[in-house]
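Right, one structure below, let's go through it.
Just so you know, all these numbers are worked out from the coordinates, no wet-lab data involved. Keep in mind it's a predicted model, so treat the numbers as computed, not measured. Glycine gets a Cβ as well: all are built from the backbone with ideal geometry, and neighbour counts include every protein chain shown.
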Amino acid sequence: MAVHTTEFNLYSNDDTIDNTSTVLFRRRDFEALAERVAKAGHEMIMLDFNTGSGRLDHYIDTPPYLEQPHLKVALAGYATTSFGVIIRRGPDKAPPAKSRRKKQALR
């Protein structure tokens, strides 16, 4: 199982940042990734694009960022938040060779 977090561009499925050290992935980027993962025989756990409805969910922090907790920040003109991606290896897919060697060495 692989678990990753990255940045999610909350309000644009077209414009984004994708050519700097920071990349804001769009909904369509995650959906395309899910298709590629499925075609490779793996499973991406269902994507949840719900942006929330609580008080903090409506607040977008702007620079200079506050020390108080925030869920969303303004970055280069875009609103962004963290996004989790979970991928489960397909049942008939072997682990990478390096992982198998590590397990054998531990025996």
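Before moving on, here are some points about what is shown:
- Identity of the residue in segment 6-37, of a type in the set (Gly, Ala, Ser) and loosely packed, with under 13 Cβ neighbours inside 10 Å, that ends up farthest from residue 78 (Cα to Cα): 32
- Considering residues of segment 21-40 that are assigned to a loop (DSSP other than H, G, I, E, B) and in contact (Cβ under 8 Å) with a residue 40 or more places away in the chain only, the residue nearest to residue 92 (Cα to Cα): 40
- Residue in segment 53-69 that is outside any helix (DSSP H, G or I), over 14 Å from the mean Cα position of the chain (by Cα), within 22 Å of residue 3 (Cα to Cα) and not aromatic (Phe, Trp, Tyr) present: no
- Condition check for residue 87: in a strand (DSSP E or B) and in contact (Cβ under 8 Å) with a residue 12 or more places away in the chain: yes
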